[in-house]
1. Which option, [x] 20.4; [y] 26.0; [z] 22.5, is the value of Kirkwood radius over Cα pairs in Å that was calculated from these coordinates?
2. Using a Gaussian network model on the chain with a 10 Å cutoff between Cα atoms, which of Phe58, Phe66, Phe37 fluctuates the most?
3. At 1.4 Å probe size, with every protein chain present, just tell me what the per residue accessible area of the chain comes to in Å².
4. In whole percent, what relative contact order does the chain give with Cα contacts below 8 Å and a gap of six or more residues?
5. Would you check the accessible area of Thr113, probe 1.4 Å, heavy atoms only, in square angstrom rounded to 10?
6. If you rank Ser74, Ser25, Ser128 by how much accessible surface each has, with a 1.4 Å probe, what is the order from largest down?
7. Please report, as a whole percent, how much of the solvent-accessible surface of the stretch 71-160 comes from carbon and sulfur atoms (probe radius 1.4 Å).
8. For Leu11, what accessible area in Å² do you get when you roll a 1.4 Å probe over the heavy atoms of the protein chains, rounding to the nearest 10?
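The values are calculated or read from the model by the stated rules, or taken from the named source; none is laboratory data. This is a predicted model, so every value here is computed, not measured. Because the Cβ atoms are built from the backbone with ideal geometry, glycine has one as well, and the counts that use them run over all protein chains shown. With ligands, DNA and RNA removed, areas are computed over all heavy atoms of the protein, side chains included. Shrake-Rupley method; radii C 1.70, N 1.55, O 1.52, S 1.80 Å.
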Amino acid sequence: DQPRELRRGLLPRPHYDPESFGRLSERIARFLGTARFLVYMTVFVTVWIGWNTLAPPFLRWDPYPFIFLTLMLSLQASYAAPLILLAQNRQDDRDRVQYEQDRARGDRSIADTEYLTREIAGLRQAISEVATRDFLRSELQQMIKELDGERKEPSGSPYS
């Protein structure tokens with residue numbers, strides 16, 4: 001539960017910006033995954049093997065088993081794999097943030113939809129209690145008939 005003291009080494013630790021390095025690794029990984037890279041690599045290996053097979057013996061720098069070519073390709077692969085993994089990790093982080101934002105947006109949409117549903121239900125309930133135009137028209141027509149009937153009754157009524 002005590003923080004460890006930093007040990008000073010003989011050489012200072014190199015400082016790098018993780019964000020810049022991550023962006024660089026993504027650019028490299030994107031390039032390694034293209035057909036252009038495959039074509040360049042194929043041309044490079046073909047020229048290498050062709051030169052070291054067909055050139056005069058004193059101009060060849062990597063004879064038949066092509067050990068130096070194998071070493072270079074292994075070195076390239078040993079750097080490419082971690083760079084690709086770093087780029088994938090960064091993409092996973094971006095996907096996770098995007099997923100969380102999408103989920104929050106979905107939750108807000110659900111809450112908004114529920115709110116609007118409640119409001120619409122309230123409006124429907126309020127409208128059902130409000131007299132409609134047709135209802136008012138029928139009530140007024142009924143009152144007119146009743147008033148007309150009362151006016152006619154006193155003049156033609158046997159009780160007067």
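1. Computing Kirkwood radius over Cα pairs in Å and matching it to [x] 20.4; [y] 26.0; [z] 22.5 gives [y].
2. Comparing Phe58, Phe66, Phe37 in a Gaussian network model of the chain, the most mobile one is Phe58.
3. Values: 14710 Å² over 160 residues.
It amounts to 92 Å² per residue over the chain.
4. 22 percent
5. 80 Å²
6. Working: Ser74 65, Ser25 0, Ser128 90 Å².
Ranked from most to least accessible, the order is Ser128, Ser74, Ser25.
7. Values: 4730 of 8120 Å².
Result for the stretch 71-160: 58 percent of the exposed heavy-atom area is carbon or sulfur.
8. Accessible surface of Leu11 is approximately 140 Å².
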